[in-house]
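Asks: My questions all concern the structure below.
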Amino acid sequence: MATIAPERITWGELRTRAQHLRARAVGAGEAGLSMRVHDLLELLPLPYDPEPLPDDASDEEIAEAEREPLDFAEDVLKRHGVRCRPAPGDVGLDGVVVLRPSNRFAVQGAVGLGVLALAAAFATSKVALAVFVPVVLIGAWLAWRQAHWLDRWVPRIVPRGRILGALLMLVLLGVAAVAVVNPARDWVRNRGQVRDAVNLSIQAEGQLNAGDLAGARASIDQAMQIRPELGQVQATAQKIMVAQVNAHTSAVANANFASQNAYDRAEAAYAARDWQEAIDGFTALGGFADAPARLAAVRADAAEATLAKAKAALAAGDASRAFGLYSDAVVFDPQVADRALVKRIADALSGS
């Protein structure tokens with residue numbers, strides 16, 4: 001014959017019965033609600049099937065299994081803010097217990113969550129820690145001294161034990177984080193950014209006065225990245241920009257002055273017929289003024305003059321010197337190459 005398993009109580013019904021027991025305990029006043037453990041188990045039975053014991057179960061396992069429904073009933077009462085004295089597991093099924101509403105469990109839940117919040121704040125933010133400390137104290141005080149007020153305003157669906165205390169603390173911490181911690185952290189962050197930007201601006205001013213333009217530029221760039229809207233930062237940035245423009249203008253002027261001096265030296269070398277010196281000078285000037293055109297003209301003149309010397313040396317019978325001068329002339333300007341002259345020099349060298 002098949003065995004029909006007994007119908008178990010639902011968790012919703014269990015919650016309703018626990019709330020009803022709490023209401024009866026509150027109504028009983030200071031004396032509390034006396035109840036036989038057997039009656040308590042009928043009201044708060046196990047909502048699940050206990051694990052069956054093996055045939056060779058020890059006495060300890062049997063005692064633990066017999067105590068399980070008693071401890072479960074006590075845990076349900078704690079969850080709903082009811083203290084049971086003595087513990088059902090200590091007096092057994094035939095014993096009598098007294099139920100009294102207690103805010104101790106709510107305080108435990110509030111303090112537990114508060115300690116976790118303080119530990120997290122200590123590791124992350126001094127501002128949050130400074131705000132959370134009084135909030136945690138207020139939450140613990142409300143759970144301890146204002147239990148009647150909480151019981152009146154908190155929805156009945158919320159158990160009056162540790163969950164109530166943790167929920168209360170969570171709400172207080174959330175409000176504090178949104179209303180105080182976040183604005184305070186933004187204020188501290190902005191204040192620190194202003195301080196850092198001003199310090200960098202002062203540092204840039206000192207570097208500028210000391211002639212360290214590159215260092216001043218680096219410092220003011222950092223300040224501009226932090227708080228570009230600060231008037232002191234903008235004023236220092238303008239000073240450094242003006243200094244950079246002046247430095248660039250001065251550098252350009254100095255470069256032009258140096259180039260002009262080099263140009264004049266090259267012209268003097270040209271006037272003195274120091275061809276190589278003049279060519280080197282105009283070559284070094286690159287694209288300054290008309291240096292490229294002057295370089296071409298000097299090369300042409302140097303080549304023509306040296307070629308004339310080569311011809312004169314050949315006419316004077318000095319073929320070796322004529323060959324050397326001709327070679328220099330071609331180096332100055334390849335366009336002056338003269339095959340006929342080369343042949344005459346070669347014939348003169350062969351005849352000698």
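The values are calculated or read from the model by the stated rules, or taken from the named source; none is laboratory data. Values in this document were obtained by computation on a predicted structure and should not be read as measured data. Positions of Cβ are generated from backbone atoms using ideal geometry, with glycine treated the same way; all protein chains shown enter the neighbour counts. Remember, those area values only see protein heavy atoms, side chains included, never the ligands or the DNA or RNA. Shrake-Rupley method; radii C 1.70, N 1.55, O 1.52, S 1.80 Å.
Asks: Cα to Cα, under 20 Å, and not fewer than 8 places away if on the same chain: which lysines meet these conditions relative to Lys311?
Replies: Qualifying lysines at Cα under 20 Å: Lys343.
Asks: Once the dipole of region 1-157 is set up with Lys and Arg at +1 and Asp and Glu at -1 on Cβ about the Cα centre, which of Leu70, Ala128, Cys84 lies farthest towards its positive end?
Replies: Farthest towards the positive end: Ala128.
Asks: Then there is this: Below 8 Å, C-alpha to C-alpha, sequence gap of six or more: please give me the relative contact order for the chain in percent. Present the calculation step by step, with values, prior to reporting the outcome.
Replies: Numbers: 377 pairs, mean separation 33.0, N = 352.
Here the relative contact order equals 9 percent.
Asks: Then there's this: With a 1.4 Å probe and all protein chains left in place, how much accessible area per residue does region 116-258 have, in Å²? Walk me through the intermediate numbers first.
Replies: On the way: 8850 Å² over 143 residues.
It amounts to 62 Å² per residue over region 116-258.
Asks: What is the ratio of the Cα radius of gyration of region 260-344 to 2.2 N^0.38 Å, where N is its residue count, to two decimals?
Replies: Compared with the compact-globule rule of thumb, region 260-344 sits at 1.19.
Asks: Now for a different question. With each pseudo-label sitting 7 Å past Cα toward Cβ, what's the Ala243-Ala340 distance in nm, one decimal?
Replies: Once both label points are built, they end up 7.0 nm from each other.
Asks: Of the peptides 56-67, 334-345, 161-172, how do they stack up when ordered by the mean number of other Cβ atoms within 10 Å, highest first?
Replies: Numbers: 56-67: 11.3, 334-345: 13.8, 161-172: 21.4.
Listed from highest to lowest mean packing, they are 161-172, 334-345, 56-67.
Asks: Dipole of the chain (Lys/Arg Cβ +1, Asp/Glu Cβ -1, origin at the Cα centre): which of Ile240, Ala31, Leu164 lies farthest to the positive side?
Replies: Ranked along the dipole, the leading option is Ile240.
Asks: Let me ask something additional. Go ahead and set up a Gaussian network model of the chain, Cα springs under 10 Å, then flag whichever of Gly324, Gly29, Gly12 fluctuates most.
Replies: In the Gaussian network model the winner is Gly324.
Asks: Mind jotting down a quarter of the surface of the convex hull over the alpha carbons of region 120-197, in square nanometres, one decimal?
Replies: One quarter of the hull surface, i.e. the mean projection, equals 5.9 nm².
Asks: Further, regarding this structure: Give me the percent of accessible area attributable to carbon and sulfur for region 198-238, probe 1.4 angstrom.
Replies: On the way: 1150 of 2170 Å².
Ligands and nucleic acids excluded, carbon and sulfur reach 53 percent.
Asks: Set the Förster distance to 45 Å, then compute FRET efficiency between Ala87 and Thr124 from the Cβ-Cβ distance, nearest 0.05.
Replies: For R0 = 45 Å, the calculated efficiency reads 0.65.
Asks: Kirkwood hydrodynamic radius (Cα pairs, Å) of region 196-339? Spell out each step's value before the answer.
Replies: Details: mean 1/r = 0.0518 Å⁻¹.
One decimal place: 19.3 Å for the Kirkwood radius.
Asks: Here is a further query. With all pairs of different alpha carbon atoms counted, what Kirkwood hydrodynamic radius in Å does region 221-300 show?
Replies: One over the average 1/r among Cα pairs gives 15.4 Å for region 221-300.
Asks: Assuming R0 = 22 Å, what is the FRET efficiency of Leu43 and Val154, from their Cβ-Cβ distance, to the nearest 0.05?
Replies: 0.40
Asks: Residues of region 305-352: accessible area per residue at 1.4 Å, in Å²? Mind showing how you got there, number by number?
Replies: On the way: 2960 Å² over 48 residues.
For region 305-352, the solvent-accessible area averages 62 Å² per residue.
Asks: Okay, next question. About the Cα centre of the chain, what is the dipole size in debye to 20, counting +1 per Lys and Arg Cβ and -1 per Asp and Glu Cβ, all else neutral?
Replies: 1620
Asks: First obtain the Kirkwood hydrodynamic radius of the chain from its Cα pairs, then insert it into the Stokes-Einstein equation at 25 °C and 0.890 mPa s, and state the resulting D in µm² per second as a whole number.
Replies: On the way: Rh = 31.2 Å.
Translational diffusion coefficient: 79 µm²/s.
Asks: Can you check how the C-alpha radius of gyration of region 58-172 compares to 2.2 N^0.38 Å, as a plain ratio?
Replies: Relative to the rule-of-thumb radius for its length, region 58-172 sits at 1.33.
Asks: A further question follows. What does the helix-only formula give at 222 nm for the chain: each DSSP H stretch with n ≥ 4 adding -39500 (n - 2.57), the total divided by the residues, and the result rounded to the nearest 500 deg cm²/dmol?
Replies: Here the helix-only value at 222 nm equals -24500 deg cm²/dmol.
Asks: For Thr16, tell me the accessible area in Å² from a 1.4 Å probe, rounded to the nearest 10.
Replies: The accessible area of Thr16 comes to roughly 70 Å².
Asks: Excluding ligands, DNA and RNA, what is the solvent-accessible area per residue of region 1-74 at a probe of 1.4 Å, expressed in Å²?
Replies: I get 70 Å² per residue for this part.
Asks: Taking the simple approach of a point 7 Å from Cα along Cα-to-Cβ for both Arg8 and Val98, what is their distance in nm?
Replies: 3.5
Asks: While we're here: Leaving out ligands, DNA and RNA but keeping every protein chain, what accessible area does His148 have, in Å² rounded to the nearest 10, with a 1.4 Å probe?
Replies: 110
Asks: So for Met224, Met35, Met241, what's the accessible-area order with a 1.4 Å probe, most first?
Replies: Met241, Met224, Met35
Asks: Follow-up. Could you tell me, in Å, what Rg and Dmax come out for the Cα atoms of region 129-259?
Replies: Rg then Dmax for region 129-259, in Å: 28.4, 95.
Asks: If you wrap a convex hull around the alpha carbons of region 5-64, what volume per residue comes out, as a whole number of Å³? Write out the running numbers ahead of the final one.
Replies: Working: hull volume 6.5 nm³, N = 60.
Once divided by residue count, the hull of region 5-64 is 108 Å³.
Asks: Filter the chain for me: DSSP H helices, axial length by Cα at least 15 angstrom, mean Kyte-Doolittle hydropathy not below 1.6. List them by residue number.
Replies: Helices meeting the criterion: 126-145, 162-176.
Asks: Quantify, in whole percent, the carbon and sulfur part of the accessible surface of region 25-98 (1.4 Å probe; protein heavy atoms only). Display every interim value, and only then the final one.
Replies: Numbers: 2060 of 4260 Å².
Accessible surface attributable to carbon and sulfur in region 25-98 totals 48 percent.
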